[in-house]
Structures are given as C-alpha cells and as structure tokens.
Amino acid sequence: MPGDPPLREAILQIIQTNPGIHFREIQRKSGAAIGQVEYHLYQLERSERVHYRIDGKVKRYFTSEGTGLKQRKIIYYLRNPVSRELIYTALQRGGIDSKFVARGRKSLQEKKIAIIEEMLQEGILREGDSEAFVYCLNDPEMVTETLRKFRESFLDTLTENIISMLDRS
C-alpha cells in the first residue's frame, strides 16, 4: 500500500517473489533485524496482505495476491522435502506407485503416507486410474506452471538438495 514503510514493502515483495518462504529466509533476504521482520510481518498479517501456513516447525508465508489458493497449496507442498519428492516423482513417472511409497525407513514411509493423505484431501493428488500407479497428480499442468512461474524461488531449495546429496556421498 502507498505509505507503507520501505522495509514492509520489501518484505512483501520478497514473499510475492518467493511464496512459501519461511521467516529466516525473509530475514536473510531483507537483511533486516529479526525484530523488524517480525513487526512488519505482524502488520502485514493484520492487514490480511500476508498469511502463513504451518509446516512442521516453520511458518510458510504467502501473499494474498498473485497466487490462487490451488497454486499456494502446490507451493506449500513443494517447499517440504518429502512432499516435493512425491510431487516430482508423480510428474516424472506419471504417478506414484506403491513401491515408491514403501521405499525408505519406516518413519519415512509413515511420513509419505500422512502427506499423501493430506494431498488427497487438498486435491493435489487423486487415486490412480491404472494398476501401475496408486496416486496421480490431480492437475500436473498446474504444478508445472507453478514451478515455471516461481522457478527462481526454488533455486535455493534445489541448491540445498544438491549439496545434501553430495554430503551423503
């Protein structure tokens, strides 16, 4: 809004460019002190220009403009490593099979199942049409469009994934 402090506008712009961003990333990108970021986020929430969704222990911030509800849901799940892997697998293979869900230690399998249930309720996934896939993306075109539209905001995540993969080697 005209008349907002420059830092508040900068924070709003950071969130618009990087929907689903968490507090520490906002603080890092803005270069502002933690208290300043907290204050301006609070003011943006009060004016309903920004809202958040809890993802484990972090809040993921979204603006009220620029993305639709469906796109915000997709972004939310793309920011979480386990659900992102499920979405990428569904995009690459055309769906998620039971072998993929069963892969990994028991706690990871349980996490995948819980996230799949959430994504089914949210309308991101649907039950598969064929015997090959248990689950499929409800709207793969929307997922692809979202990834393209916000590709720069996912570069940090991509870099982190590559580095953690190299660390495991």
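Of all residues in the stretch 84-99, one or more are more than 21 Å from Asp129 (Cα to Cα) and in contact with a Ser or Thr (Cβ under 8 Å, 6 or more places away or on another chain). For the stretch 98-125, the set of residues classified as more than 17 Å from Leu78 (Cα to Cα) and without any contact (Cβ under 8 Å) to a residue 24 or more places away in the chain consists of Lys99, Phe100, Ala102, Arg103, Gly104, Arg105, Lys106, Ser107, Gln109, Glu110, listed by residue number.
Residue pairs whose Cβ atoms lie under 9 Å apart, separated by 6 or more positions or on different chains, with the first residue in the stretch 18-34 and without any contact (Cβ under 8 Å) to a residue 24 or more places away in the chain and the second surrounded by fewer than 19 Cβ atoms within 10 Å (Cβ to Cβ) and in a loop (DSSP other than H, G, I, E, B), are Gln27/Ala33. If you go through the stretch 118-144 and keep only what is part of a loop (DSSP other than H, G, I, E, B) and farther than 19 Å from Leu69 by Cβ, you end up with Gly128, Asp129, Ser130, Glu131, Ala132, Phe133, Val134.
Determine whether the stretch 99-110 contains at least one residue that is crowded, with 17+ Cβ neighbours inside 10 Å and within 26 Å of Ile21 (Cα to Cα). Please lay out each step first, then the result.
Just the residues of the stretch 99-110 that are crowded, with 17+ Cβ neighbours inside 10 Å, to begin with: 100-101.
Checking which are within 26 Å of Ile21 (Cα to Cα) leaves us with none.
No, the stretch 99-110 contains no residue that is crowded, with 17+ Cβ neighbours inside 10 Å and within 26 Å of Ile21 (Cα to Cα).
The condition of being touching a residue at least 12 places away in the same chain (Cβ under 8 Å), touching a Phe, Trp or Tyr at 6+ places or on another chain (Cβ under 6 Å) and of a type outside the set (A, V, I, L, M) holds for Gly95.
The set of residues in the stretch 1-26 that are in contact with a Gly (Cβ under 9 Å, 6 or more places away or on another chain) and either assigned to a loop (DSSP other than H, G, I, E, B) or aromatic (Phe, Trp, Tyr) (or both) contains only Pro19. Screening the stretch 27-117 for helices (runs of 4 or more DSSP H) wholly inside it with 1 or more residues that are under 19 Å from the mean Cα position of the chain (by Cα) returns the ranges 34-46, 69-79, 81-93.
Each reported figure results from applying straightforward, stated rules to the coordinates on display, with no laboratory input. Quick caveat, the model's predicted, so the values are computed rather than measured. Every residue, glycine as well, gets a Cβ built from its backbone with ideal geometry; the counts of neighbours run over all protein chains shown.
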